[in-house]
Amino acid sequence: MAPAPSLLIPPPHPEGCHYPVSEQALSNDWQSPCSLLEPYAAQVLGDSMAPEFPHECVVLIDPVDVCGDGAFVFAEVEGERWFRQYREEAGRHWLAALHPAYPDITLEGRSWHVIGVIVQRNIRRKIKHYRHRPQDPLPVRAH
């Protein structure tokens, strides 16, 4: 299986949330436990999610563990982190790459969780927004 595209990611969530934070993460001067709950940017490396997310585009990840069919997620499957599209159908769950050269990752019988949901993509200042659950409307922004 091809390696997952690399993303710059933060440490897990603080105590009391879904993911415990490590002592090492708390010792970093540049971040606080509150900042771990804020959306963060990452750069996509690789072509597994092309053409929607080309190599070196920037994505904004909302660190939530809830998503719906069709959402673009950053997930951990058995200790490996993946940027893929979450799919579910007839009780079956999997992570799908958009590029056909990369195989699906079946989630049945495996240890996995969603680390965050991609809510925005930026390609050379061209921004596109995404939903946690694709069937939900995009939030209205005040100007």
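The values are calculated or read from the model by the stated rules, or taken from the named source; none is laboratory data. Since the model is a prediction, treat every value here as computed from it, not as a measurement. Methodologically, a virtual Cβ is constructed for each residue, glycine included, from the backbone with ideal geometry; neighbour enumeration extends over all protein chains shown.
Quick one: in the range 87-100, which of the residues that are more than 15 Å from the chain's Cα centre (by Cα) and free of Cβ contacts under 8 Å to residues at least 24 places away in the same chain is surrounded by the fewest Cβ atoms within 10 Å (Cβ to Cβ)?
Ranking the candidates gives ALA90 first.
Only residues that are loosely packed, with under 13 Cβ neighbours inside 10 Å and of a type in the set (D, E, K, R): list them for the range 76-86, please. Explain how you work it out, then say what you get.
Residues of the range 76-86 loosely packed, with under 13 Cβ neighbours inside 10 Å: 78-80.
Hits for the range 76-86 are GLU78, GLU80.
Looking at the range 64-79, I want the residues that are of a type in the set (Val, Ile, Thr) and have a partner that is surrounded by 16 or more Cβ atoms within 10 Å (Cβ to Cβ) and in a loop (DSSP other than H, G, I, E, B) with Cβ atoms under 8 Å, at least 6 apart or on another chain. Which pairs are those?
Hits for this filter: VAL64/HIS132; VAL66/HIS132; VAL73/CYS67; VAL77/LEU107.
Being β-branched (Val, Ile, Thr) and either under 10 Å from the mean Cα position of the chain (by Cα) or at pLDDT below 95 (or both), is that true of even one residue in the range 132-143?
From the range 132-143, those β-branched (Val, Ile, Thr) are 140; that's our starting set.
Remaining after also requiring either under 10 Å from the mean Cα position of the chain (by Cα) or at pLDDT below 95 (or both): 140.
Within the range 132-143, one or more residues are β-branched (Val, Ile, Thr) and either under 10 Å from the mean Cα position of the chain (by Cα) or at pLDDT below 95 (or both).
Scan VAL21, VAL66 and give me the residue that is under 15 Å from the mean Cα position of the chain (by Cα), on the phi < 0 side of the Ramachandran plot, in a loop (DSSP other than H, G, I, E, B) and at pLDDT below 90.
Working: VAL21 fails: under 15 Å from the mean Cα position of the chain (by Cα).
The conditions single out VAL66.
How many residues are assigned to a loop (DSSP other than H, G, I, E, B) and either closer than 19 Å to TYR40 by Cα or modelled with pLDDT of 95 or more (or both) if we restrict to the range 79-99?
Residues in the range 79-99 being assigned to a loop (DSSP other than H, G, I, E, B) and either closer than 19 Å to TYR40 by Cα or modelled with pLDDT of 95 or more (or both): 3 in total.
Here is a list of conditions, (1) surrounded by fewer than 17 Cβ atoms within 10 Å (Cβ to Cβ); (2) outside any strand (DSSP E or B); (3) at pLDDT below 95, and HIS13 meets all of them except one; can you say which number that is?
Of the numbered conditions (1) surrounded by fewer than 17 Cβ atoms within 10 Å (Cβ to Cβ); (2) outside any strand (DSSP E or B); (3) at pLDDT below 95, the odd one out for HIS13 is (1).
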